[in-house]
Amino acid sequence: MPDCLFCKIVNKEIPSDIVYEDDQVLAFRDIEPQSPVHILVIPKEHFASILHIQSENFELLGHIFQVCNQLAHEFDIDESGFRIVNNCKEDGGQTVNHLHFHLLGGRKLAWPPG
Ligand code: 5GP
Ligand code: ZN
């Protein structure tokens, strides 16, 4: 998607601090971290939001969660705990319209969200 910020990050047109990459998934540090560990895990393929995921993408979605699991171990938040967040559309607080999951950890996170 030409005007998509995260597609540009996937295509390395915009630099990012990449912590994991394979043929389907990219994970990089959030530019404005909200916790000591704040990683964005995204599919390389453009989906505007979780609403655009269909049954043929279930394997990809499972893979994204597997990558989150692996990163939680790698960044040492598997014992202390963490949160995986997907913001969807305006009320959900989505600001980048390319599907992404926030992996947040390294501090005690408040609940409920604001
Ligand atoms: P959303 O609000 O859509 O759920 O999350 C978008 C996230 O992308 C925000 O946490 C924001 O800090 C992050 N972000 C926005 N622009 C950039 C960028 O250019 N590089 C990186 N690494 N993160 C970004
Ligand atoms: Zn995109």
Filter the stretch 75-114 down to the residues that are surrounded by 15 or more Cβ atoms within 10 Å (Cβ to Cβ) and over 14 Å from the mean Cα position of the chain (by Cα), then identify the one that is farthest from Leu60 (Cα to Cα). Gly106
Test set (1) more than 10 Å from ligand 1 (Cβ to nearest atom); (2) of a type in the set (Val, Ile, Thr); (3) closer than 17 Å to Phe75 by Cβ - Val10 fails condition number: (3)
Which of the residues belonging to the stretch 13-30 are near ligand 1 (Cβ under 10 Å from one of its atoms) and either aromatic (Phe, Trp, Tyr) or outside any loop (DSSP other than H, G, I, E, B) (or both)? Ile18, Phe28, Arg29
Total residues in the stretch 39-51, condition more than 7 Å from ligand 1 (Cβ to nearest atom) and in a strand (DSSP E or B): 4
With respect to His52, is the statement that it is out of contact with any strand residue (DSSP E or B) (no Cβ under 6 Å at 6 or more places or on another chain) and closer than 19 Å to Val85 by Cα true? yes
Closer than 17 Å to Leu104 by Cβ and within 12 Å of ligand 2 (Cβ to nearest atom), is that true of Ile31? no
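Every read-out reported here was derived from the displayed coordinates using simple, explicitly stated rules and does not represent laboratory data. Since we're looking at a predicted model, the values are computed, not measured. Cβ sites come from the backbone with ideal geometry, for glycine too, and all protein chains shown count toward neighbours.
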